[in-house]
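Participant: One structure, as structure tokens, below. Some questions next.
The values are calculated or read from the model by the stated rules, or taken from the named source; none is laboratory data. Quantities reported herein were computed from a predicted structural model and do not represent experimental measurements. All Cβ positions, glycine included, derive from the backbone under ideal geometry; neighbour counts span all protein chains shown.
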Amino acid sequence: MKGADQGLTLMEVLVAIALFAVVSVAALALFPTVFRVSGQTQADQAVTIAAKQYMEQARVLYSTQTGFDSGALPSAPASHLGGYTCTAPAATAQAQNTAVTPPLALIKRVTLTCTKPSAPPLTFSLDLGRPDS
């Protein structure tokens, strides 16, 4: 630039446009990744909410001695949770009272495992103690 009343040269404008284009292309390339991560996060959140509800149902079932001793579990959450499929095996005894026959479970672990082909499995566990009365 030679004087105060002259504008930008054609070369300066072209360089500015080229820099803007490079930065714009780099920023736009991130959008598919952001949308994929957002979708995965929504699926994980849906599974976590369903697992919390499942664990709460199990806690309610096991809140009495009869329910605890029966070992019954609620049905696993539906499989429409963002592509995850959840399975709930039987509750396993973690501690037993061997002074009685047959041995009586004092603590049971309820486990829910949710799998999706394109993601690592999610495992949720809850330990429940046998109620006194």
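Participant: Only one of Tyr54, Tyr62 is under 20 Å from Ser125 (Cα atoms) and in contact with a helix residue (DSSP H, G or I) (Cβ under 7 Å, 6 or more places away or on another chain). Can you tell me which?
Facilitator: One residue alone meets the criteria, Tyr62.
Participant: Restricting segment 38-77 to residues that are in a helix (DSSP H, G or I) and touching a strand residue (DSSP E or B) at 6+ places or on another chain (Cβ under 6 Å), which is farthest from Thr115 (Cα to Cα)?
Facilitator: Top of the filtered list is Ala58.
Participant: Here are some residues: Leu73, Leu122, Leu104, Leu128. Which one is in contact (Cβ under 8 Å) with a residue 24 or more places away in the chain and within 19 Å of the chain's Cα centre (by Cα)?
Facilitator: Leu122
Participant: Still on this model: Considering every residue within segment 51-63, establish whether at least one is β-branched (Val, Ile, Thr) and over 21 Å from Gly82 (Cα atoms).
Facilitator: For segment 51-63, residues β-branched (Val, Ile, Thr) and over 21 Å from Gly82 (Cα atoms): present.
Participant: Looking at segment 100-124 only, could you name the residues that are polar (S, T, N, Q) and either touching a Ser or Thr at 6+ places or on another chain (Cβ under 7 Å) or under 12 Å from Ala88 (Cβ atoms) (or both)?
Facilitator: Passing the criteria: Thr111, Thr113, Thr115, Thr123.
Participant: Another one. Check segment 76-87 and report whether any residue there is over 22 Å from Lys108 (Cβ atoms) and surrounded by 19 or more Cβ atoms within 10 Å (Cβ to Cβ).
Facilitator: Yes, segment 76-87 contains at least one residue that is over 22 Å from Lys108 (Cβ atoms) and surrounded by 19 or more Cβ atoms within 10 Å (Cβ to Cβ).
Yes/no per residue for (1) acidic (Asp, Glu); (2) farther than 21 Å from Pro120 by Cα; (3) part of a helix (DSSP H, G or I):
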position	(1), (2), (3)
Gly7	no, yes, no
Glu12	yes, yes, yes
Ala16	no, yes, yes
Phe20	no, yes, yes
Val25	no, yes, yes
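Participant: Among (1) closer than 19 Å to Ala50 by Cα; (2) at pLDDT 85 or above; (3) among the aliphatic types (A, V, I, L, M), which single condition is Ala90 missing?
Facilitator: If we test Ala90 against (1) closer than 19 Å to Ala50 by Cα; (2) at pLDDT 85 or above; (3) among the aliphatic types (A, V, I, L, M), just (2) comes out false.
Participant: To continue, here is another question. State all residues of segment 55-87 that are of a type in the set (S, T, N, Q) and either at pLDDT below 85 or within 30 Å of Gly39 (Cβ to Cβ) (or both); if no residue qualifies, say none.
Facilitator: Answer for segment 55-87, where residues must be of a type in the set (S, T, N, Q) and either at pLDDT below 85 or within 30 Å of Gly39 (Cβ to Cβ) (or both): Gln57, Ser75, Ser79, Thr85, Thr87.
Participant: Another question about this same structure. Taking the residues in segment 1-54 that are surrounded by fewer than 11 Cβ atoms within 10 Å (Cβ to Cβ) and of a type in the set (Phe, Trp, Tyr) as candidates, determine which candidate is modelled with the highest pLDDT.
Facilitator: Phe20
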